[in-house]
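Peer 1: Supplied in structure tokens, the structure appears directly below.
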Amino acid sequence: METIDKKKAITGGEFLIRETDPQEIFTPEEWSEEQRMIAQTCKDFIDTEITPQLDEIDSMKNPGLVPSLLDKAGELGLLGTSIPESYGGFGMDFNTSMLIAEEIGKGHSFAVSLSAHTGIGTLPILYYGTEEQKQKYLPKLASGEWKAAYCLTEPDSGSDANSGKTKAVLGDDGKHYLINGQKMWITNGGFADVFIVFAKIDDDKKLTAFIVEKSFGGITMNEEEKKMGIKGSSTRQVFFNDCKVPAENMLSDRENGFKIALNILNIGRIKLAAAAIGGAKGTINHAVKYANERKQFGVSIGTFGAIKHKIGDVASTIFASESATYRAGQNIDDAFDALVAEGMPEAEAKLKSVEQFAIECALLKVHGSETLDFAADEGVQIYGGMGFSAEGPMDRCYRDSRINRIFEGTNEINRMLTIDMLLKKAMKNELDLMGPAMNVAKELTSIPDFGSDDDDAIFAKEKKALKNLKKAGLMIAGSAVQKLMTKLKDEQEILINLADMLMEVYVAESALLRTEKLISQKGEEACQMQKDMTLVYLHGAVERCIWAGKQAIYSFSEGDEQRLMLMGLKRFTKVEPINLKDARRRIADYMLDKNEFTY
């Protein structure tokens, strides 16, 4: 593996076979003053307009409340961050839009409503619409005058979206399509003015997308769904009964709907990761405050080692997930800039840049949503009995977090997609996995490299551990492909194991690169907390890679082959021991002193 040539930007999935220089990545510490002001605007909006009304929002007794709050968000410009100025928006870059998603992510049900409107409800028109469609719809969507929803899922088509049965038939006049069908789990369905609807024309095998206005008629819906969490977001079944849609409201080309859905989901996945990070930070803040306030045996429970362990672990996981998310976000921005410089139209470049990093988008959706779940679960435990009470904040945090592992494709689907996309890149010669995998196979029978004991460079041993983790993943993936060949796609458990290893490598490496860059700027002493969080996460990542690697190896190998790979896994998963207990305590003590997540 070689350090990236600064003249050649990294491409999606390439982190597995190349080393990255810390100066090449973006870190959240580098937000500009303008970006920090935008984030503060979002925070103030959530603190003043949303948090005091969470109970009323969740009660759904006032159907006009969430739309009115979206109107206020529109007045602040929060609905048009990704929309170009020529259509009434602000045209912000991708990473800035992710920062906004993070801050809004603390808004529980409202965050879901806003994200659905600005993401899957608006972006299909922005990226695939004609100029006339953009001029008509985007300004009203940016201001909040019109609210948007996205109609893809059907009762019999969830993960297999292209199996939908909703039909569109061109009318006798040749000027309108009649749409008939049923959609379910439609966020914002109860108040949306504009729907992005996917249907099949005649006997087409693939979906076509349409922009459908509620005013077109022929649209009815069931009552609001009763849900485990995000109770305040409108979720309806929507029925189209001879809904008359002008032919010019077809979005993009016929049968291009499935491609639209996939590309918009790539964007939604990484933005969900950012929103989940925001939710996780809000959740751990509740827990830290409670740990300071709650007294047992005459002292705050935050003084107890078991509580510090939880706070330190959650903080380290959030820090690592955040590091990886904004690293990928900047990679997407850089790819966009490069494509535009080459002459590609901006809308096409936006889609292409995200598509290049679809692997990272899928991994981060998984990691972000599971980080939020981890924070919520440990938050309930820190609260103890009050964590189980609906009178405290953890009830809502716990219930609302759960949907994120299902949204934007289940985490299981995203794990399997990751490996599928990686292998397809390799088969297209877009990513050289075979060469590095063969080198690792040769290394298994060679004398181990014990390294130099006098290498005092910062993170030298940890970098070697990460390099070896990548080798472990390549070793198992290469053997699985060689042994199972085309059958590998059906071995879902192995695909999930491999994805977990890939995810842990990317996230741990991102945390390390972030901290190394900070140390180069501020010195090691000033970055002790970041160093502690990086090492706590890295050690956990190694253990998780060992577990996932063993499960995969046990699944397809036996005899000498299995013993050789297990030996290789043991060799490639060594990490310099540190006192993790003390590291977690330092992390927790700092947060308890500040009374919040402050990194």
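Just so you know, all these numbers are worked out from the coordinates, no wet-lab data involved. Nothing here was measured: the structure is a model prediction, and the numbers come from that model. All Cβ positions, glycine included, derive from the backbone under ideal geometry; neighbour counts span all protein chains shown.
Peer 1: Per-residue HN-Hα couplings for the range 29-37, Karplus 6.51 cos²θ - 1.76 cosθ + 1.60 at θ = phi - 60°, whole Hz, x for Gly and Pro?
Peer 2: Ordered by residue, 3J(HN,Hα) equals 5, 9, 4, 6, 4, 5, 5, 5, 5 Hz.
Peer 1: For the pair Asp203 and Asp55, what calculated FRET efficiency results from E = 1/(1 + (r/R0)^6), where r is the Cβ-Cβ distance and R0 = 51 Å, to the nearest 0.05?
Peer 2: Details: r = 50 Å, r/R0 = 0.98.
Efficiency computed from Cβ-Cβ geometry: 0.55.
Peer 1: Still on this structure, please answer the following. Stokes-Einstein D for the chain at 10 °C, 1.306 mPa s, Kirkwood Rh over Cα pairs, in µm²/s?
Peer 2: Details: Rh = 25.2 Å.
Diffusion coefficient, whole number: 63 µm²/s.
Peer 1: Just to verify a number: FRET efficiency for Lys165 and Thr130, C-beta to C-beta distance, R0 = 35 Å, to 0.05?
Peer 2: Values: r = 27 Å, r/R0 = 0.78.
Plugging the Cβ-Cβ distance into 1/(1 + (r/R0)^6) gives 0.80.
Peer 1: Hey, how many Å between the Cα centroid of the range 409-432 and the Cα centroid of the range 282-334?
Peer 2: Answer, in whole Å: 31.
Peer 1: How long is the gain from Gln296 to Leu566 if the chain were fully straight, where each residue apart is worth 0.36 nm and the alpha carbon distance is subtracted? Let's see the in-between values first.
Peer 2: Values: separation 270, 0.36 × 270 = 97.20 nm, distance 4.66 nm.
Separation in residues times 0.36 nm, less the Cα-Cα distance, equals 92.5 nm.
Peer 1: Label Thr11 and Lys464 with points 7 Å out from Cα along Cα→Cβ: what is the distance between them in nm?
Peer 2: Between Thr11 and Lys464, the label points sit 3.2 nm apart.
Peer 1: So, one more: By how many degrees, 0 to 90 and rounded to 10, does the Cα axis of helix 528-556 deviate from the longest principal axis of the chain?
Peer 2: Between helix and principal axis, roughly 80 degrees.
Peer 1: Let me ask something additional. Compute the FRET efficiency between Glu391 and Arg544 as 1/(1 + (r/R0)^6), taking r as their Cβ-Cβ distance and R0 = 41 Å, and round to the nearest 0.05. Display every interim value, and only then the final one.
Peer 2: Working: r = 35 Å, r/R0 = 0.86.
It comes to 0.70.
Peer 1: Moving on. I'd like the antiparallel share, as a percent to the nearest 5, of DSSP beta bridges with both residues in the range 149-255. Could you put the intermediate results ahead of the total?
Peer 2: Details: 25 of 30 bridges.
Here the antiparallel bridges make up roughly 85 percent for the range 149-255.
Peer 1: Here's something else I'd like to know. Which whole-number percent gives the relative contact order of the chain, counting Cα pairs below 8 Å spaced six or more residues apart? Write down the numbers at each step before the final one.
Peer 2: On the way: 990 pairs, mean separation 90.7, N = 599.
It comes to 15 percent, rounded to a whole number.
Peer 1: I've got another one for you. Hey, any idea what Rg/Rh is for the range 219-345, computing Rh the Kirkwood way over Cα pairs? Don't skip to the end; give the middle numbers.
Peer 2: Details: Rg = 23.1 Å, Rh = 19.9 Å.
Result: Rg/Rh = 1.16.
Peer 1: Based on a Kirkwood Rh over C-alpha pairs, give the Stokes-Einstein translational diffusion coefficient of the range 64-171 at 25 °C and viscosity 0.890 mPa s in µm²/s. Mind showing how you got there, number by number?
Peer 2: On the way: Rh = 14.9 Å.
Diffusion coefficient, whole number: 164 µm²/s.
Peer 1: So, one more: Mind listing the long-range amide H neighbours of Ile10? Cut-off is under 5 Å, sequence gap 5 or more, other chains count too, H placed in the peptide plane at 1.01 Å from N.
Peer 2: Those qualifying (amide H under 5 Å, at least 5 residues apart or on another chain) number zero.
Peer 1: If you don't mind, there's one more thing I want to ask. What 222 nm value per residue comes from the helices of the chain, counting each DSSP H run with n ≥ 4 as -39,500 (n - 2.57) and dividing by all residues, nearest 500 deg cm²/dmol? Don't jump to the answer; show the numbers that get you there.
Peer 2: On the way: 19 runs with 330 residues, N = 599.
-18500 deg cm²/dmol, from helical runs alone.
Peer 1: Over 25 Å between C-alpha atoms is what I'm after, so list which of Lys308/Lys470; Lys463/Lys570; Lys259/Lys425 land there. Display every interim value, and only then the final one.
Peer 2: Working: Lys308/Lys470 31 Å; Lys463/Lys570 17 Å; Lys259/Lys425 18 Å.
Beyond 25 Å: Lys308/Lys470.
Peer 1: Counting only Cα, what are the radius of gyration and maximum Cα-Cα distance Dmax of the range 149-255, in Å?
Peer 2: Spelled out, the Cα radius of gyration and Dmax of the range 149-255 are 13.5, 46 Å.
Peer 1: Tell me the relative contact order for the range 149-255 as a rounded percent, counting alpha carbon contacts under 8 Å between residues six or more apart. Walk me through the intermediate numbers first.
Peer 2: Working: 249 pairs, mean separation 34.0, N = 107.
Value for the range 149-255: 32 percent.
Peer 1: Right, something else. Run the reach check for Lys136 against lysines, Cα to Cα strictly under 17 Å, same-chain hits fewer than 8 apart removed. What comes back?
Peer 2: Excluding near neighbours in sequence, the set is Lys147, Lys214.
Peer 1: Within a 10 angstrom radius of the beta carbon, how do Glu225, Glu348, Glu360 rank from fewest other beta carbons to most? Could the numbers behind the result be given before it?
Peer 2: Details: Glu225 16, Glu348 13, Glu360 29.
Ascending Cβ contact count within 10 Å gives the list Glu348, Glu225, Glu360.
Peer 1: Could you rank the peptides 136-144, 577-585, 272-280 by their average count of other C-beta atoms within 10 Å per residue, with the highest value first? Please report the intermediate quantities before stating the final value.
Peer 2: Details: 136-144: 21.3, 577-585: 14.7, 272-280: 29.6.
Highest to lowest by the protection proxy: 272-280, 136-144, 577-585.
Peer 1: So, counting K/R as plus one and D/E as minus one, what does the shell of residues with Cβ under 13 Å around Gly64 add up to?
Peer 2: On the way: positive: Lys61, Lys72, Lys147; negative: Glu56, Asp71.
Once positives and negatives cancel, what remains is +1.
Peer 1: Sticking with this structure for a sec: Mind checking the angle between helix 94-104 and the chain's longest principal axis? C-alpha axes, 0 to 90 degrees, to the nearest 10.
Peer 2: So the helix axis and the longest Cα principal axis differ by about 80 degrees.
Peer 1: Right, another one. Quick one: if you stick a label point 7 Å off each Cα along the C-beta vector at Gln492 and Ala338, how many nm between them?
Peer 2: 3.5
Peer 1: May I ask for the angle, rounded to the nearest 10°, between helix 460-484 and the longest principal axis of the chain, with both axes built from Cα atoms and the value confined to 0 to 90°?
Peer 2: 60
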